[in-house]
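The values are calculated or read from the model by the stated rules, or taken from the named source; none is laboratory data. Everything numeric here is computed off the predicted structure, so don't read it as measured data. Virtual Cβ from ideal backbone geometry, glycine too; neighbours counted across all protein chains shown. Each accessible area value is taken on the protein alone, full model and side chains, heavy atoms only, with ligands, DNA and RNA left out. Shrake-Rupley method; radii C 1.70, N 1.55, O 1.52, S 1.80 Å.
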Amino acid sequence: MSGKAKIGMVGLAVMGENLALNIERNGFPIAVYNRDPKKVDAFMQRAAGKQVVPTKTPQEFMASLERPRKAILLVKAGDAVDWTIDQLKPFMEPGDIIIDGGNSFFVDSERREKQLKSEGFNFIGSGVSGGEQGALWGPSLMPGGDKGAYESIRPIWEAIAAKVDDGPCVTFIGTGGSGHFVKMVHNGIEYGDMQLIAEAYDMMRNILGMSADEMADVFDEWNKGDLNSFLIEITAKALRVKDPETGKPLVDLVLDKAGQKGTGKWTSESALDLGIVVPTIDASVDARTISSRKDERVEASKQIAPPNFPKYSGDKKALIAAIRDALYASKICSYAQGMNLIRAGSDHYKWGINLGEVSRIWKAGCIIRAQFLDKIKQAYQRRPDLPNLVLDPDFKAWIEKSQANWRLAVATAVQHGVPVLAMSASLGYFDMYRSANLPLNLTQAQRDFFGSHTYERTDKPQAGFMHTEWEELLANQKK
């Protein structure tokens, strides 16, 4: 092609290649660069005839872009991002834009935005969700950073994003590292969703003794209603796949050690820092960590007997319905935790994030895309300052209606020794949130008893914090 490229891509792993092809397909000539020139050559063979400019050096790459230059980085999060920026900076001019499309920690994005701005450059940290297929055909995009710089890339971002009934799945999230913060929480919610689905599967498998095909039928049915989502859809599909060698369900041959790349852990850590409770997400991170200790679990299974509880003899359809309700109610609580974390981050860092818009852009393109997200969008449209999703009239009514089944499913799992770390965490979160009185009055008494940490009295709120000599008082009362 002749002329300058509209935008450039650094990093040609699968995500970088697919996003580059998406950009080009939507009418924007793109330059590509990879530190391994062979990857550029290989990509150009697949992109033959397209408006793609191959480059072999950082200088050539930057020179191929129209001003202000827009360079997307899709490289491994961490030091690699800083290294790549340093390679490009000698060939940048004031006003040029670096766009980090990887899974960077939002604190790093905050630092990079400030540093680049001090040097006259612009930075955008953009969450990109949807995996390989999303990158190619339409991801959910979560850009944060310099608002003016985003306006420069907005036509491209809106063109390549997934589309829903109310627009493209992209919105300007806010300043600084807000885009990567929202992507981090998205991934934490994704962890929770996947763990909740795994627990529903485990109950059907180990309590009801259902086959993979039977469970696939159930997930297919669930995907027709309120639970309609990408993860439920692919769960049904995965359960139907047979191993070509053995003819067995392939999922039964997959080792039960789940990997993680750190975004779930970052979500939990950030929640602790901001004073927000995310027990369902925490449980999902813990579950993956426990799963990695396969040898220990196998040894423990030989030494510790399962609960001596009668085999389930109740109504199969009724328990499946209870598991479904438990999954949906737990999901509401998980999303409530995630949205509260986004609000807390927005308030703390003064990002001004619109929660309704966040839920809207997650309706398609991303891994947690679901019908359910439209209801969340509507909840925040009704009440932008909604303190918790469980207080929205629609969600509250649904949880109240499903409470009995939710408790039945969790109790049945506990009785049969089937671990439901995330479902029980969601239920515990719900029960604590709806309780006017918690047992933490005793905790405060203990803290004051051993450490003079003080407490407040319910009958004397005006008195403020006070301390009691508990031992002395007890001794006097015995006289």
Selection from region 102-149 of residues among the basic types (Lys, Arg) and over 17 Å from residue 352 (Cβ atoms) yields 111, 112, 114, 117
If we scan region 343-355, do we find a residue that is in a helix (DSSP H, G or I), crowded, with 24+ Cβ neighbours inside 10 Å and out of contact with any strand residue (DSSP E or B) (no Cβ under 8 Å at 6 or more places or on another chain)? yes
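What do you reckon, is residue 227 out of contact with any Ser or Thr (no Cβ under 9 Å at 6 or more places or on another chain), in contact (Cβ under 8 Å) with a residue 60 or more places away in the chain, open to solvent by less than 20 Å² (accessible area, probe 1.4 Å) and not in a helix (DSSP H, G or I)?
Details: out of contact with any Ser or Thr (no Cβ under 9 Å at 6 or more places or on another chain): yes; in contact (Cβ under 8 Å) with a residue 60 or more places away in the chain: yes; open to solvent by less than 20 Å² (accessible area, probe 1.4 Å): yes; not in a helix (DSSP H, G or I): yes.
Yes; evaluated as a whole, the condition is true for this residue.
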Qualifying positions in region 246-257 - β-branched (Val, Ile, Thr) and either touching an Asp or Glu at 6+ places or on another chain (Cβ under 6 Å) or not in a loop (DSSP other than H, G, I, E, B) (or both): 251
Within region 301-310, which residues are open to solvent by less than 90 Å² (accessible area, probe 1.4 Å) and either at pLDDT 95 or above or part of a helix (DSSP H, G or I) (or both)? 301
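Let's see how each residue does on (1) among the basic types (Lys, Arg); (2) at pLDDT below 95:
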position: 26; (1), (2): no, no
position: 33; (1), (2): no, no
position: 36; (1), (2): no, yes
position: 46; (1), (2): yes, yes
position: 87; (1), (2): no, no
position: 99; (1), (2): no, no
position: 115; (1), (2): no, no
So if I check each of 331, 316, which one is closer than 16 Å to residue 199 by Cβ and either among the basic types (Lys, Arg) or touching a Lys or Arg at 6+ places or on another chain (Cβ under 7 Å) (or both)? 331
Restricted to region 260-300 and to residues being over 23 Å from residue 339 (Cβ atoms) and not in a helix (DSSP H, G or I), the residue most open to solvent (accessible area, probe 1.4 Å) is 293
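Of the residues in region 78-87, how many are open to solvent by 20 Å² or more (accessible area, probe 1.4 Å) and either touching a Leu at 6+ places or on another chain (Cβ under 8 Å) or of a type in the set (Asp, Glu) (or both)?
Just the residues of region 78-87 that are open to solvent by 20 Å² or more (accessible area, probe 1.4 Å), to begin with: 78-80, 82-83, 86-87.
From what's left, either touching a Leu at 6+ places or on another chain (Cβ under 8 Å) or of a type in the set (Asp, Glu) (or both): 79, 82, 86.
Qualifying residue count for the region: 3.
Output the residues belonging to region 233-245 that are open to solvent by less than 80 Å² (accessible area, probe 1.4 Å) and either modelled with pLDDT under 95 or part of a loop (DSSP other than H, G, I, E, B) (or both).
Just the residues of region 233-245 that are open to solvent by less than 80 Å² (accessible area, probe 1.4 Å), to begin with: 233-236, 238-239, 241, 243.
The answer is 241, 243.
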In this structure, is residue 313 among the small types (Gly, Ala, Ser), open to solvent by 50 Å² or more (accessible area, probe 1.4 Å), out of contact with any Leu (no Cβ under 6 Å at 6 or more places or on another chain) and assigned to a loop (DSSP other than H, G, I, E, B)? yes
Kindly list the number of the only condition in (1) touching a helix residue (DSSP H, G or I) at 6+ places or on another chain (Cβ under 8 Å); (2) farther than 30 Å from residue 394 by Cβ; (3) not polar (S, T, N, Q) that fails for residue 248. (1)
Just one of (1) in contact (Cβ under 8 Å) with a residue 24 or more places away in the chain; (2) surrounded by 12 or more Cβ atoms within 10 Å (Cβ to Cβ) trips up residue 384, so point out which. (2)
Quick one: count up the residues across region 401-453 that are more than 23 Å from residue 277 (Cα to Cα), open to solvent by 40 Å² or more (accessible area, probe 1.4 Å) and of a type outside the set (A, V, I, L, M, F, W, C). 6
So, residue 257, is that one touching a helix residue (DSSP H, G or I) at 6+ places or on another chain (Cβ under 9 Å), under 30 Å from residue 344 (Cβ atoms) and open to solvent by 80 Å² or more (accessible area, probe 1.4 Å) or not? no
Scanning region 84-128 for residues that are in contact with a strand residue (DSSP E or B) (Cβ under 9 Å, 6 or more places away or on another chain) and among the β-branched types (Val, Ile, Thr), which turns out nearest to residue 185 (Cα to Cα)? 128
Considering only residues that are small (Gly, Ala, Ser) and not in a helix (DSSP H, G or I), which ones fall in region 206-222? 209, 211
Could you check how many residues of region 249-298 are in contact with a Phe, Trp or Tyr (Cβ under 6 Å, 6 or more places away or on another chain) and at positive phi? 0
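Run down 410, 358 and say which single residue is β-branched (Val, Ile, Thr), under 30 Å from residue 314 (Cβ atoms) and modelled with pLDDT of 95 or more. Let's see the steps before the verdict.
On the way: 358 fails: under 30 Å from residue 314 (Cβ atoms).
Answer to the check: 410.
Give the number of residues within region 405-423 that are of a type in the set (Gly, Ala, Ser), in contact (Cβ under 8 Å) with a residue 40 or more places away in the chain and part of a helix (DSSP H, G or I). So that I can check it myself, show each step before the final result.
Within region 405-423, the subset of a type in the set (Gly, Ala, Ser) is 409, 411, 413, 417, 422.
Subsequent filtering for residues that are in contact (Cβ under 8 Å) with a residue 40 or more places away in the chain retains 409, 413, 417, 422.
Applying the additional criterion that residues be part of a helix (DSSP H, G or I) yields 409, 413, 422.
Count: 3.
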